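One structure is given below, encoded as structure tokens.
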Amino acid sequence: MLFTGRSIASLMERLWPPSSRYKPVEASGGAVLEARSIVVEFGGVKAVNGASIRVGRHEIVGLIGPNGAGKTTLLNVLSGFYRPKEGRVYYMGRDITGLPPHARARLGIARTFQHSELFKHMTVVENIMVNLEPWRPYTVLDAALWLGRARRWEVWARERAEEVIELLDLHRYRDRIVGSLPPGIQKRVDLARALVQEPRIVLMDEPMAGLSREEKEDIARAIIEVYETSETSFLLVEHDLEVVMDLCEKVFVMDYGRVIAEGRPEEVANDPRVIEAYIGR
């Protein structure tokens with residue numbers, strides 16, 4: 001695994017007996033996360049219209065398309081924020097279409113957002129620890145009385161946060177209030193919050209949006225380092241085509257709610273349907 005300390009897997013061994021936990025099974029073709037024939041409607045308008053995508057084990061996959069193509073809506077379906085009108089979502093071969101976001105986080109699906117959903121009044125380390133709440137084993141009473149389970153979780157969560165701070169080189173910011181940090185650092189904190197969950201796959205919604213070239217390079221390096229030192233897969237929704245072409249092994253292209261092309265970056269870039277979607281109007 002990516003982290004060397006007491007991992008989420010070891011915590012789960014203590015908190016949930018094996019019979020109560022989901023045991024991953026091999027998906028068809030080794031897919032980590034797969035969406036099949038997804039349809040999402042808002043007021044009778046199909047934001048996603050029969051889209052299917054697939055992310056394999058240890059892959060960096062791009063999801064691109066013009067504004068309004070349905071990319072973020074599909075990402076919200078994969079992460080559990082939206083439930084599709086039609087279609088199914090599979091994680092490691094299991095149908096998770098009806099699972100809420102926190103249950104998907106426990107399975108190994110992490111998410112970052114286009115506009116960082118950080119707690120701006122809290123420090124970096126506190127923001128990272130918050131994302132371990134799905135694994136909190138104690139009650140409100142335990143916390144109020146500062147009983148053993150609450151103390152042990154606090155120590156464990158802080159150790160996990162420190163490991164990901166080390167990984168993403170956030171030491172100098174660990175005790176800074178997040179709202180005072182520049183956008184590029186906030187994006188790294190958002191990625192750290194996802195990685196602290198020790199995910200099998202990270203869904204990233206426009207991680208480069210609003211960043212300078214140097215900040216984009218920092219985020220790209222972080223993604224590559226995590227990819228090279230772990231088995232984590234990434235699905236990137238991104239408008240910066242240069243980033244997608246440099247980072248991704250496979251790309252899906254959406255337009256008007258449909259997947260119109262998929263393949264290696266160089267293949268997709270020369271697909272007439274993709275060229276028309278971007279510049280043909």
Legend entry - Failed condition for residue 54, given (1) closer than 22 Å to residue 223 by Cα; (2) crowded, with 18+ Cβ neighbours inside 10 Å; (3) under 14 Å from the mean Cα position of the chain (by Cα); (4) not aliphatic (A, V, I, L, M): (3)
Legend entry - Residue among 90, 82 that alone is at negative phi, of a type in the set (Phe, Trp, Tyr) and not in a loop (DSSP other than H, G, I, E, B): 90
Legend entry - Only one of 264, 221, 258 that is farther than 24 Å from residue 70 by Cα and at pLDDT 90 or above: 221
Legend entry - Total residues in segment 171-204, condition farther than 15 Å from residue 128 by Cβ and surrounded by 22 or more Cβ atoms within 10 Å (Cβ to Cβ): 3
Legend entry - Hey, residue 231 outside any helix (DSSP H, G or I), out of contact with any Gly (no Cβ under 8 Å at 6 or more places or on another chain) and modelled with pLDDT under 95 or not: yes
Inset, instruction - Please specify each residue of segment 69-107 satisfying the condition of being surrounded by fewer than 22 Cβ atoms within 10 Å (Cβ to Cβ), charged (D, E, K, R), touching a helix residue (DSSP H, G or I) at 6+ places or on another chain (Cβ under 9 Å) and closer than 20 Å to residue 233 by Cα. - result: 94, 106
Legend entry - residue 63 being crowded, with 16+ Cβ neighbours inside 10 Å and farther than 16 Å from residue 259 by Cβ: no
Legend entry - Meets criteria (assigned to a strand (DSSP E or B) and closer than 19 Å to residue 60 by Cα) for residue 254: yes
Legend entry - Matching residues, segment 169-199, being aliphatic (A, V, I, L, M), in a helix (DSSP H, G or I), closer than 28 Å to residue 103 by Cβ and out of contact with any Pro (no Cβ under 9 Å at 6 or more places or on another chain): 178, 189, 192, 194, 195
Inset, instruction - For segment 108-158, enumerate the residues that are basic (Lys, Arg), within 18 Å of residue 195 (Cα to Cα) and either at pLDDT below 75 or surrounded by 19 or more Cβ atoms within 10 Å (Cβ to Cβ) (or both). - result: 111, 136
Inset, instruction - Select, from 274, 259, the only residue that is without any contact (Cβ under 8 Å) to a residue 60 or more places away in the chain, outside any loop (DSSP other than H, G, I, E, B) and touching a strand residue (DSSP E or B) at 6+ places or on another chain (Cβ under 8 Å). - result: 274
Legend entry - segment 74-121, subset of a type in the set (S, T, N, Q) and touching a residue at least 40 places away in the same chain (Cβ under 8 Å), residue nearest to residue 132 (Cα to Cα): 112
Inset, instruction - Select, from 202, 226, 268, the only residue that is closer than 24 Å to residue 169 by Cα, of a type in the set (A, V, I, L, M, F, W, C) and part of a helix (DSSP H, G or I). - result: 226
Legend entry - Subset of segment 224-256 (residues that are out of contact with any strand residue (DSSP E or B) (no Cβ under 6 Å at 6 or more places or on another chain), surrounded by 18 or more Cβ atoms within 10 Å (Cβ to Cβ) and more than 15 Å from residue 204 (Cβ to Cβ)): 254, 255
Legend entry - Failed item in (1) assigned to a helix (DSSP H, G or I); (2) among the small types (Gly, Ala, Ser); (3) farther than 27 Å from residue 104 by Cα; (4) under 20 Å from the mean Cα position of the chain (by Cα), with residue 161 passing the rest: (3)
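The values are calculated or read from the model by the stated rules, or taken from the named source; none is laboratory data. Because the structure is predicted, anything quoted here is derived from the model rather than measured. Cβ coordinates were reconstructed from backbone atoms using ideal geometry, including for glycine residues, and neighbour counts include every protein chain displayed.
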